[in-house]
Amino acid sequence: MAQSEALLVLENFIGGKFVPCSSYIDSYNPSTGGVYCRVPDSGKEEVEAAVKAAKDAFPVWSSKSPLERSQILNKLADLIEHDLEAFAQAESKDQGKTITFARTVDIPRAVYNFRFFASSILHHTTECTEMANMGCVHYTSRAPVGVAGLISPWNLPLYLLTWKIAPAIACGNTVVAKPSEMTSVTAWMMCRLLEKAGVPHGVVNVVFGTGAKAGEALVCHPDVPLISFTGSTLTAQRITEKSAPHCKRLSLELGGKNPAIIFDDADLTPCILTTLRSSFANQGEICLCTSRIFVQKGIYSEFLRRFVAEAKKWKVGNPSDPAVDMGALISKEHLEKVRSYVKKAQAEGARVLCGEGVDSLALPAVNQKGYFMLPTVIAEVKDDSCCMQEEIFGPVTCVVAFDTEEEVIERANSVKYGLAATVWSSNVGRVHRVAQRLQSGLVWTNCWLVRDLNLPFGGMKASGVGREGAKDSYEFFTEVKTITIKH
Ligand code: NAD
């Protein structure tokens, strides 16, 4: 099973053991178009075995003290960190992201997810109130819920999977996780470290496969009372429908169509460099990426000129080259979908200023069959165009002009999503006013992607249901009870 030139074949991880599956699907290396590994095509049977293992492990794991669980989470963090380079290489090959992004963002954050929840689980308190006139005190107690179903997407594979596993097991739940069938390798690598970290058998089970088979079997399993899902809004609707007969607890982290609002008093140099990153980092495949840039009229021409000039400097190519800024998109189908948006915008009369269809892309021989495209900037797009309304989830960003604060707030809010926004201005009063009125679960002002994991993360409107973060994850992954004592 060693990772070599031979094809990597993954196995499910159930009850502390790697278990082969009866059928497999191919998973591709997006930067070459070649098959990278074979992923179990799990279904009901495999999910059933994983849920049973998780149920069996629950009594012992849930009765451990938070400190014991914390020590195990910290050990797992250390082990992943020790193998950081191997994890980063695998994530880059599996997802198409640059090795630099995997080394500096994905894997360090996966490590930090375990460290963060190992610490935060030690610091929660419950509530207590007194009713002296009745001779009563009331207090709340929290307990883990049971077997948690965790479903994650392909864009930040280990980062997002561990953002779920860490709080779930820190709270004393056991889990059945299903990573995206397109990016399963780092989850499988993590399973190889669980025993050494001291995670008892059955506490973390990973079932690989498609959403339609493995994902849905997990969502519909009667012994899985809660589902934490990150992915598209469409899938979330299906999960909500399928889980409804079981009245499951759901946390849904979904898509975005995130605005950047740039006022004419913004400090343009950091604004342009950050907005480039917020538009194109990880090939634009981050739910928090900017895809609608509203620029105040006085600086519109200057912004556009400088922004396009900088976008043209981005180097697209072999993700394993540390000098490359952008790697490959996840799949051929996704690349075609992203390209189709650019074509639609052109057909509507918008101007493509750089990137797709305008500039040429020179790729090394090994990457000729990879799924690459250039950072693409579109101007003169109407607000009701699909490019301004739908999540593209690729390296495409639209730039439009606005006049007034009132006008831009209304336009920024005029989409079905509400995940993340950025506001650029040196006027503190304005920054507060605008941030308060944006329909967005996260607002970054004069920065992007600066996160304190203590605070709630999640979206409004079609971008999500519920929040995750220190206290929010604790509340989601535990059941609260109110107890009254009369003395
Ligand atoms: P997706 O919804 O297609 O798949 C996500 C996961 O759900 C995968 O593991 C998939 O196999 C599984 N799945 C698919 N159908 C299922 C079903 N019927 N039942 C159960 N599971 C099912 O999303 P994707 O294409 O992998 O990821 C991209 C999307 O994720 C984008 O919309 C992006 O904005 C969103 N996303 C959101 C956040 C956030 O925190 N809000 C973070 C990252 C990505």
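Give the number of residues within the stretch 434-449 that are assigned to a helix (DSSP H, G or I) and either buried (at least 16 other Cβ atoms within 10 Å of the Cβ) or of a type in the set (A, V, I, L, M, F, W, C) (or both). Of the residues in the stretch 434-449, 2 are assigned to a helix (DSSP H, G or I) and either buried (at least 16 other Cβ atoms within 10 Å of the Cβ) or of a type in the set (A, V, I, L, M, F, W, C) (or both).
Is it true that some residue in the stretch 228-240 is near the ligand (Cβ under 9 Å from one of its atoms), in a loop (DSSP other than H, G, I, E, B) and in the same structural domain as Leu160 (by the TED database)? Spell out the reasoning first.
Step one: list which residues in the stretch 228-240 are near the ligand (Cβ under 9 Å from one of its atoms), which gives 229-236, 238-239.
Okay, now just the ones that are also in a loop (DSSP other than H, G, I, E, B), so 231-232.
Those still in the list that are in the same structural domain as Leu160 (by the TED database) too: 231-232.
Within the stretch 228-240 (the criterion being near the ligand (Cβ under 9 Å from one of its atoms), in a loop (DSSP other than H, G, I, E, B) and in the same structural domain as Leu160 (by the TED database)), the answer is yes, since at least one residue qualifies.
Quick grid of which residues meet (1) under 21 Å from Leu73 (Cα atoms); (2) among the polar types (S, T, N, Q):
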| position | (1), (2) |
| --- | --- |
| Thr98 | no, yes |
| Phe101 | no, no |
| Asp106 | yes, no |
| Ser119 | yes, yes |
| His123 | yes, no |
| Thr126 | no, yes |
| Thr129 | no, yes |
| Gly135 | no, no |
| Tyr139 | no, no |
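Restrict the check to the stretch 309-332 and report whether at least one residue is over 25 Å from Gly370 (Cα atoms) and in contact with a strand residue (DSSP E or B) (Cβ under 6 Å, 6 or more places away or on another chain). No - not one qualifying residue is present in the stretch 309-332. Criterion first (crowded, with 18+ Cβ neighbours inside 10 Å, more than 23 Å from Ala281 (Cα to Cα) and at pLDDT 95 or above) does Leu67 satisfy it? When the stated conditions are applied, Leu67 does not pass them. Annotation for the stretch 291-298: at least one member residue is surrounded by fewer than 18 Cβ atoms within 10 Å (Cβ to Cβ) and either farther than 23 Å from Glu253 by Cβ or assigned by the TED database to the domain that holds Thr397 (or both). When Ala110, Ala148 are checked against the criterion of being over 15 Å from the mean Cα position of the chain (by Cα) and within 16 Å of the ligand (Cβ to nearest atom), a single residue qualifies: Ala148. Evaluate the following for Thr186: is it within 27 Å of Thr98 (Cβ to Cβ), part of a helix (DSSP H, G or I) and within 7 Å of the ligand (Cβ to nearest atom)? So Thr186 fails the test. Checked against the criterion of being in a strand (DSSP E or B) and surrounded by 24 or more Cβ atoms within 10 Å (Cβ to Cβ), the stretch 152-174 contains one or more residues that satisfy it.
Only one of the numbered conditions (1) surrounded by fewer than 18 Cβ atoms within 10 Å (Cβ to Cβ); (2) within 16 Å of the ligand (Cβ to nearest atom) is violated by Arg430, and that is (2).
Those residues that are surrounded by 17 or more Cβ atoms within 10 Å (Cβ to Cβ), under 21 Å from Pro322 (Cα atoms) and β-branched (Val, Ile, Thr), I need them from the stretch 70-112; list them, please. Residues satisfying the conditions are Thr98, Ile99, Thr100, Val105, Ile107.
What about Asp472, is it part of a helix (DSSP H, G or I) and either surrounded by fewer than 13 Cβ atoms within 10 Å (Cβ to Cβ) or within 16 Å of the ligand (Cβ to nearest atom) (or both)? The answer is yes for Asp472.
Listed here are the residues, each with its yes/no results for (1) assigned by the TED database to the domain that holds Thr404; (2) of a type outside the set (A, V, I, L, M); (3) closer than 29 Å to Ala435 by Cα; (4) in a helix (DSSP H, G or I).
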position: Leu288; (1), (2), (3), (4): yes, no, yes, no
position: Ser301; (1), (2), (3), (4): yes, yes, yes, yes
position: Val324; (1), (2), (3), (4): yes, no, no, no
position: His334; (1), (2), (3), (4): yes, yes, no, yes
position: Lys337; (1), (2), (3), (4): yes, yes, no, yes
position: Ser340; (1), (2), (3), (4): yes, yes, no, yes
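Of the residues making up the stretch 415-460, those that are free of Cβ contacts under 8 Å to residues at least 24 places away in the same chain and in contact with a helix residue (DSSP H, G or I) (Cβ under 7 Å, 6 or more places away or on another chain) are Val443, Thr445, Pro456. Residues that are more than 21 Å from Val316 (Cβ to Cβ) and surrounded by 14 or more Cβ atoms within 10 Å (Cβ to Cβ) within the stretch 352-385 comprise Glu380, Val381, Lys382, Asp383, Ser385, listed in sequence order. For the stretch 123-131, the count of residues that are away from the ligand (no atom under 16 Å from the Cβ) and part of a helix (DSSP H, G or I) is zero.
Reported count of residues in the stretch 332-361, each being more than 16 Å from the ligand (Cβ to nearest atom) and either touching a residue at least 24 places away in the same chain (Cβ under 8 Å) or among the basic types (Lys, Arg) (or both), is 16.
Can you confirm whether the stretch 398-419 contains a residue that is of a type outside the set (A, V, I, L, M, F, W, C), buried (at least 23 other Cβ atoms within 10 Å of the Cβ) and not in a strand (DSSP E or B)? Looking for residues that are of a type outside the set (A, V, I, L, M, F, W, C), buried (at least 23 other Cβ atoms within 10 Å of the Cβ) and not in a strand (DSSP E or B), one finds none in the stretch 398-419, hence no. Here Arg38 meets the list (1) at pLDDT 95 or above; (2) within 30 Å of Pro322 (Cα to Cα); (3) not in a strand (DSSP E or B) almost entirely, failing just condition (3).
The values are calculated or read from the model by the stated rules, or taken from the named source; none is laboratory data. Since this is a predicted model, take the numbers as computed values, not measurements. Note that each Cβ is placed from the backbone with ideal geometry, even for glycine, and that neighbours are counted across all protein chains shown.
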